[in-house]
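The next block holds one structure in the form of structure tokens; read it before the comments.
What follows draws every value from the coordinates through simple rules; no lab data is involved. What you are looking at is a predicted structure, and each value in this text was computed from that prediction instead of being measured. Counting neighbours? That spans all protein chains shown, and the Cβs are built from the backbone with ideal geometry, glycine included.
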Amino acid sequence: MGRQIKYIVRLAPDERKILLELIKKGNASKEKLNRARILLKCDCGEEGENWADDKIAEAFYVTERTVFNVRKSLVEEGLDKALNRIPQKNRKRKIIQGEEEAYLVALSCTEPPKGHCKWTLRLLADKMVELEYVDSVSHVTIGDALKKMKLNPGKKRNGAYLQKRMQNSSVKWRKP
């Protein structure tokens, strides 16, 4: 890796005040608090401590690259962007969420198809596609969704949790 540009951090008094209040309250995410601490240690202004990147990285258990990226973000994009994480652009939407989850729960509570003693993940996936709740879905995705909801498709009864979930659901369910 070539020589990196050194981004000089000079915080204005109002920016320092914002960062100090954020740390004092402590109700932000761990990442945001770490970024605030990093910026305060990087500050080479009048009130700043002007620590070296390696010392900051060691103190906050982060990499030097993280310190560099926080400095760069502050200098190029401002305090708000330096503190807050930028959401990933290429993130895929989950196939099973909200309404589809409710359909999956309702479906797993019904009797399994003829010739089967219990629902399998593949049967549930095929039935979800057949009933047009989703365009396509893998049995692995169905398993992940059920695991997230703490359900077991092989159980005859999944307890009061399922009944509550279905009562609270605003989704109109059609029988398979």
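A few comments on the model shown:
- Those residues of the stretch 4-46 whose amide nitrogen sits under 19 Å from the label point placed on Asn69, 7 Å along Cα→Cβ: 4-9, 29-42
- Nearest-0.05 FRET efficiency for Asn27 and Lys81, computed from C-beta distance (R0 30 Å): 0.90
- Virtual spin-label span in nm between Glu99 and Glu130, 7 Å along Cα→Cβ: 2.2 nm
- Segments 87-93, 140-146 sorted - mean Cβ within 10 Å per residue, highest first: 140-146, 87-93
- Global form of the stretch 1-70, assessed from the alpha-carbon gyration tensor, a/c cut-off 1.5: oblate
- Out-of-range pairs (alpha-carbon distance over 30 Å; input Lys92/Lys127; Lys81/Lys148; Lys6/Lys81; Lys24/Lys89; Lys30/Lys72; Lys114/Lys148): Lys81/Lys148; Lys24/Lys89
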